[in-house]
Structures are given as structure tokens and as C-alpha cells.
1. Please enumerate the residues belonging to segment 63-90 that are exposed (fewer than 13 other Cβ atoms within 10 Å of the Cβ), at pLDDT 70 or above and over 17 Å from I113 (Cα atoms).
2. Which of the residues belonging to segment 95-135 are touching a Gly at 6+ places or on another chain (Cβ under 7 Å) and closer than 21 Å to E80 by Cβ?
3. Being assigned to a helix (DSSP H, G or I), under 16 Å from S91 (Cα atoms) and aliphatic (A, V, I, L, M) is the filter here, so list the residues in segment 102-142 that pass it.
4. Within segment 131-154, how many residues turn out to be polar (S, T, N, Q) and either in contact with a Lys or Arg (Cβ under 6 Å, 6 or more places away or on another chain) or under 24 Å from D101 (Cβ atoms) (or both)?
5. Condition check: under 22 Å from A95 (Cα atoms), among the basic types (K, R) and surrounded by fewer than 17 Cβ atoms within 10 Å (Cβ to Cβ). Does K166 satisfy that?
6. I'd like to check something: does segment 103-124 contain any residue that is within 18 Å of T158 (Cβ to Cβ) and of a type in the set (G, A, S)?
Amino acid sequence: MMFCMSCGAVLPDNAAFCPCCGAKATAEGNPEKSRLHSMKCTSCGSSDLRKVYRDKYRCENCGTILYLDGQRQNTGEDQEAVAAQVAVLLSEAAAFAEKKDYHNELLTLIKAINLAPEDNTVLLRLGRAYWRLGSLEKAMEYYRIAEDLYPNDPSVYTNIGSAYFKSGHYSQAKEQYEKAVAIIVSDPMSACAEDIAITYGNYAYCLGKLGDTKNAKKYLSVAKEKGYSKDSIDTICRDLHLFRLLI
């Protein structure tokens, strides 16, 4: 599976151009390199720039943030309009996901990330779409961006953990779930009740897969207290061959 170097969309076999953003399907089609070559810091004049995310760069000499197309200045009305467009795209992407049409889910989310490149929800949903299509590496790229931007949001680590879990990397998943749980314990208001329940439920499932039945039951009990669904609990218990839990 090939991905566009400009926007990350899945490319059809032998595609000459990206169907999403129109960029050439080769390294030569990416105009970023030529623009960056002549770019200098507007504050100190240094050309020592480090890419932070997409077209966002940081001057290594003085720390100024720059963009390939100049500094962005959006009015409140602009931001509201973008937020409205992103909300529509997220709804469309969710509809595609429900039908298991993950290719069109991904293309829709790429449109959203182009509008709101630092939106946490879009970043996490985009990561999820990539691992659903079998690209864990690409999923992690967006998850790590979310982690850099939102290090205190437990849902970031829950999503990373789930990507590892679905790929069978249970030890790596456990590390991520533990980060999420630690944040929730220290700041119970860091996530909504539903997300907290999912975090504890997923953590319990992961512990069970690693053979830690005792703590799997413990955290599954916590998940139920937080509102985790009975169907999800039953599914985990069946898969882990646990006795019926008195919770």
C-alpha cells in the first residue's frame, strides 16, 4: 500500500497523482523541499529550521515558529467556519467507518486534517483509520503528533495502546494504557466518563492477554463502575476465559 507524500492519502496502484490533494505521486512532486531551501527565520535570519508538523517549523537558533506559506492569522469567524467544516467531515468519516468503508473514512479525515492540522480528535481518528487499513507505522505518526501536542490527554495514550493491542503488541499496549490510567488517577477531569471507562476496560483486556488475570478482573470492575458496557465486559470475559465476574 502506497501513501501520498504530501497529504498521506492511500494511492491507487501506479497513480501519477494523489486523488485527494492532486500532488504528484513521487518525491519530485512535493514542493515543500524547494520552498524550505530558501526559507529563513523572520526573527534572526537563521536557516537552521526543524520541522515540527506538516508546514510548521521551529527556528533552532531563536525558537520562532514559522510556516512555509507565512505566519497564519485567522479571525474568530475563520476559526468558526473551519470548526463547522471539520465537524461535518468528522460526521461523514464516522458514517464511512460504521459501514467499514475505511478507505473513504481515511480520505474524509485527510480533508479534515488539512483544515485543522492540530485538532486532537482529527489526529486520533486519522491514526485509527490508518491502522484499520493495516498501516500501524502511519497510524503512529499521527498518534505521536497528538502526543506532542496534547501530552496530558489520556485518550491519546488509550488510542496508541489500542493500535498496539489490535496489532498483537500487548506489552507496548500495556505501557500506553498505564500512561492513560496514571493521568486519569492524577486528574479525574482529564477525560469524559465514557473515555475513562474505555481506558480501564481496554487496560483490563490487555492485562488479561498478558496473563495477569487478577488485575484484569480488578480493572474490569473499575471499568464497570465507570460505565463500561455489559456487552463489552462479557466479550472480554469470553475471550480471556474468565469465570463470570461478580461485579
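The values are calculated or read from the model by the stated rules, or taken from the named source; none is laboratory data. Everything quoted here is computed from the prediction, not taken from an experiment. Every residue, glycine among them, receives a Cβ derived from its backbone with ideal geometry; neighbour counts consider all protein chains shown.
1. If the condition is that a residue be exposed (fewer than 13 other Cβ atoms within 10 Å of the Cβ), at pLDDT 70 or above and over 17 Å from I113 (Cα atoms), then G63 is the only one that fits.
2. Across segment 95-135, there are no qualifying residues.
3. If the condition is that a residue be assigned to a helix (DSSP H, G or I), under 16 Å from S91 (Cα atoms) and aliphatic (A, V, I, L, M), then L106, L107, L109, I110, A112, I113, L115, V122, L123, L124, L126, A129 are the ones that fit.
4. Adding up the residues that qualify gives 1.
5. It is true that K166 is under 22 Å from A95 (Cα atoms), among the basic types (K, R) and surrounded by fewer than 17 Cβ atoms within 10 Å (Cβ to Cβ).
6. So far as segment 103-124 goes, no, none of its residues is within 18 Å of T158 (Cβ to Cβ) and of a type in the set (G, A, S).
Each row is one residue, and each column tells you yes or no for (1) of a type in the set (V, I, T); (2) within 18 Å of K166 (Cβ to Cβ); (3) more than 24 Å from the chain's Cα centre (by Cα).
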| site | (1), (2), (3) |
| --- | --- |
| Y205 | no, yes, no |
| N215 | no, no, yes |
| E225 | no, no, yes |
| D239 | no, yes, yes |
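A quick yes/no check of all residues on (1) at pLDDT 95 or above; (2) over 22 Å from L136 (Cα atoms):
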{"position": "K174", "(1), (2)": "yes, no"}
{"position": "Y177", "(1), (2)": "yes, no"}
{"position": "A180", "(1), (2)": "yes, no"}
{"position": "D187", "(1), (2)": "yes, yes"}
{"position": "C192", "(1), (2)": "no, yes"}
{"position": "T199", "(1), (2)": "yes, no"}
{"position": "Y203", "(1), (2)": "yes, no"}
{"position": "K214", "(1), (2)": "no, yes"}
